[in-house]
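> To start, I am sharing the structure in question, which I have written as structure tokens.
The values are calculated or read from the model by the stated rules, or taken from the named source; none is laboratory data. On a predicted model such as this, the values are computed, not experimentally measured, just so you know. Because the Cβ atoms are built from the backbone with ideal geometry, glycine has one as well, and the counts that use them run over all protein chains shown. SASA here: full protein model, heavy atoms, side chains in, ligands and nucleic acids out. Shrake-Rupley method; radii C 1.70, N 1.55, O 1.52, S 1.80 Å.
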Amino acid sequence: MTMDNKQGHYKVKNLKLAAEGKKLIAWAESRMPVLMALREKYKRTKPLKGYRIAGCLHVTKETAVLVRAFIDAGAQVSWSGCNPLSTNDAVSASLAADGISIFAWHGMSVKEFYWCIEETLKIKPNLTLDDGADLIFTIHNKHPEFAQKYVIGGTEETTTGVHRLRAMAADGALKYPVIAVNDAETKWDFDNVYGTGQSTLDGILRATSILLAGKNVVVAGYGHCGRGVAMRAKGLGANVIVTEIKATTALKATLDGMRVLTMDEAAKVGDVFITATGVKDIIVARHFKKMKHGAIVCNTGHYDCEVNLVDLQAISKEVKDVRANNEEYVMKDGKSVFVLAKGRLVNLAAAEGHPSEVMDMSFANQFMSQLRLANAHKEGKKLENKVYDIPDEQDQEIAGVKLATMGIKIDKLTSAQSKYMDDYSAGT
Ligand code: ADE
């Protein structure tokens, strides 16, 4: 059942959780100085007045700060979560109680997930904001006329989404311009590495409470996310094993002190398996069969296809609920493996996602990119239907403000030094 309130309609788990959500959001605000400075700066001029933003991104305390920044800047906002298990019900209740159109609750079905996206589209958005591109795909597949009639542009938060949108653009299938927020240096060099690293281990520890020191932790994929996870697992005393498909990346992992194995080899020795690849079928039946009794398996990539649970189900005789976000699959050969958060993003399903401090920079990029799209529209600039990168000035501005809030000063080049750098007549 959907409910209506002052501004729009909503569907959340329990509106009574609103007070708890409000406290969580206040805590996030206190840790997100860059986004809060943008919010303060634009709340008077309201540059997003007249713009309708539909968002599909994890409903966390940090996302609530972003949603509120858009509203303070004058936008009308309608929101859904981008994963069935990542919504914080207290946060969604707080947003609904404040009159924001939100359709998100923890534990929804896949059918409900798409129903929520459809509900957010009822505002007929002229800007979209995605994490994983499900909203953009829904517009392209189900409502292609929206691209002509309403939408002026969108932003995409995550590696998986950007990858697919670039493929769409290369095929000429993308119907409106999209800014790749993920590819900003102040996003992927921080959120993907330090955010995923810490929050993934946080999720694993909340779901298992195991000791990581001395364990063989297998990290599938050594991209930014996998590297962050591997670094943090190593820091906690684990023996980290990396699996990779790319030679240069495998070499980097080796020189970072990780042991590189194929998944077939790693399956036999791993105690904990963490997939971070963005690719399906990383762990399949033959790997489960090789695993040690008691191995723990989870995923921190965007979609739940990295660990093939259909395969595991087929070779199991029983599934037992062990504790929150932890299920034991008893295989037909008598061995057990423990799967966390149903193979969905363990950092968001079993913990609170990335810490506010890194989401501060990611969401400052989101805010500035949405503003950039609105400004281009106001100025009558026609953007192409392609994926745009974030300009370096935006990265430098966000990093500069972040450093200032941390009380860190950096040096400046003198004019003689600048000249020296460009001087191609100088040598030894
Ligand atoms: N993705 C990863 N962590 C997140 C968070 N805390 N909020 C929103 N999206 C996220």
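> Rounded to the nearest 500 deg cm²/dmol, what is the calculated helix-only ellipticity per residue at 222 nm for the chain, with -39500 (n - 2.57) per DSSP H run of length n ≥ 4? Spell out each step's value before the answer.
Numbers: 19 runs with 188 residues, N = 428.
Calculated mean residue ellipticity at 222 nm is -13000 deg cm²/dmol.
> Moving to a separate point now. Ile245 to Thr262: extension gain in nm, 0.36 nm per residue of separation minus the Cα-Cα distance? Don't jump to the answer; show the numbers that get you there.
Numbers: separation 17, 0.36 × 17 = 6.12 nm, distance 0.88 nm.
Separation in residues times 0.36 nm, less the Cα-Cα distance, equals 5.2 nm.
> Could you size up the charge dipole of the chain around its Cα centre, putting +1 on the beta carbon of Lys and Arg and -1 on that of Asp and Glu, and report it in debye to the nearest 20?
The calculated dipole for the chain is roughly 660 debye.
> Viscosity 0.890 mPa s, temperature 25 °C: give me the Stokes-Einstein translational D for the range 148-216 in µm²/s, with Rh taken as the Kirkwood radius over C-alpha pairs.
Numbers: Rh = 14.7 Å.
Diffusion coefficient, whole number: 167 µm²/s.
> Quick one: if you stick a label point 7 Å off each Cα along the C-beta vector at Lys149 and Tyr303, how many nm between them?
So the label points at Lys149 and Tyr303 sit 2.9 nm apart.
> Quick one: Karplus J couplings for the range 184-195, per residue in order, coefficients 6.51, -1.76, 1.60, θ = phi - 60°, nearest Hz, x for Gly and Pro?
5, 4, 6, 9, 6, 7, 10, 4, 5, 8, 6, x
> How high is the FRET efficiency between Leu383 and Thr254 when r is their beta carbon distance and R₀ equals 45 Å, given to the nearest 0.05?
0.60
> To continue, here is another question. Treating only the Cα positions of the range 220-300 as identical point scatterers, give the base-10 log of I(q)/I(0) from the Debye formula at each q in 0.17 Å⁻¹.
-0.61
> Between Ser425 and Met406, what length comes free when the chain is fully extended (0.36 nm per residue of separation minus the Cα-Cα distance, one decimal in nm)?
On the way: separation 19, 0.36 × 19 = 6.84 nm, distance 3.98 nm.
Extra length available between Ser425 and Met406 comes to 2.9 nm.
> Can I ask one more? Taking a quarter of the surface of the Cα convex hull of the range 102-261, what do you get in nm²?
Working: hull surface 45.9 nm².
Over all viewing directions, the range 102-261 projects a mean Cα-hull area of 11.5 nm².
> Among the trypsin sites (Lys or Arg not before Pro) in the range 342-428, which ones are in a DSSP loop with at most 16 other Cβ atoms within 10 Å of the Cβ? Mind listing them?
Passing both the DSSP loop test and the Cβ count: Lys381, Lys382, Lys386, Lys409, Lys412.
> Take the solvent-accessible surface of the protein heavy atoms, probe 1.4 Å, and return the percent of it on the chain that carbon and sulfur atoms account for.
54
> Please give me, ordered by residue number, the chymotrypsin sites (Phe, Trp or Tyr not before Pro) of the range 334-428 that lie in loop per DSSP and have at most 16 other Cβ atoms within 10 Å.
Those that pass, being in a loop and sparsely packed, are Tyr424.
> Please report, to two decimal places, log10 I(q)/I(0) for the chain at q = 0.06, 0.10, 0.12 Å⁻¹ as given by the Debye formula with identical point scatterers on the Cα atoms and no solvent.
Rounded to two decimals, the profile gives -0.26, -0.72, -1.01.
> OK, next. Which number do you get for Rg(Cα) / (2.2 N^0.38 Å) in the range 8-110?
On the way: Rg = 13.0 Å, N = 103, 2.2 N^0.38 = 12.8 Å.
Compared with the compact-globule rule of thumb, the range 8-110 sits at 1.02.
> Which of the GluC sites (Glu not before Pro) found in the range 364-427 are in a DSSP loop and have at most 16 neighbouring Cβ atoms, other than their own, within 10 Å?
Glu379, Glu384
> So what J values fall out for the range 285-298 if you push phi through Karplus, 6.51 cos²θ - 1.76 cosθ + 1.60 with θ = phi - 60°, rounded to Hz, Gly and Pro as x?
My calculation for the range 285-298 gives 3, 5, 6, 4, 5, 7, 5, 5, 4, x, 4, 10, 10, 8 Hz in order.
> Under the classification rounded if a/c is under 1.5, otherwise prolate if a/b is larger than b/c and oblate if not, where does the range 280-416 fall, given a ≥ b ≥ c as square roots of the Cα gyration tensor eigenvalues?
On the way: a/c = 3.35, a/b = 2.30, b/c = 1.46.
Prolate, since a/c reaches 1.5 and a/b exceeds b/c.
> Around Ala295, under 12 Å between beta carbons, what's the net of Lys plus Arg minus Asp minus Glu among the other residues?
Values: positive: Lys215, Lys268, Lys289, Lys290, Lys292, Lys335; negative: Asp271, Glu328.
Local charge sum for Ala295: +4.
> Taking K and R as +1 and D and E as -1, what net charge do the other residues with C-beta under 10 Å from the C-beta of Glu62 add up to?
Cβ neighbours under 10 Å give a net charge of -2.
> Something else: For the range 1-136, report the accessible area per residue in Å² (1.4 Å probe, heavy atoms, rounded to an integer).
38
> Measure up Lys43/Lys412; Lys11/Lys342; Lys111/Lys386 against 27 Å on the Cα-Cα distance and list the ones that go over.
Values: Lys43/Lys412 32 Å; Lys11/Lys342 24 Å; Lys111/Lys386 30 Å.
Distance filter (> 27 Å) returns Lys43/Lys412; Lys111/Lys386.
> Here's a follow-up. Would you report the distance distribution of C-alpha pairs in the range 344-428 as whole percents per 10 angstrom bin, up to the bin with the largest distance?
For the range 344-428, the binned pair fractions read 12, 26, 26, 25, 8, 2 percent.
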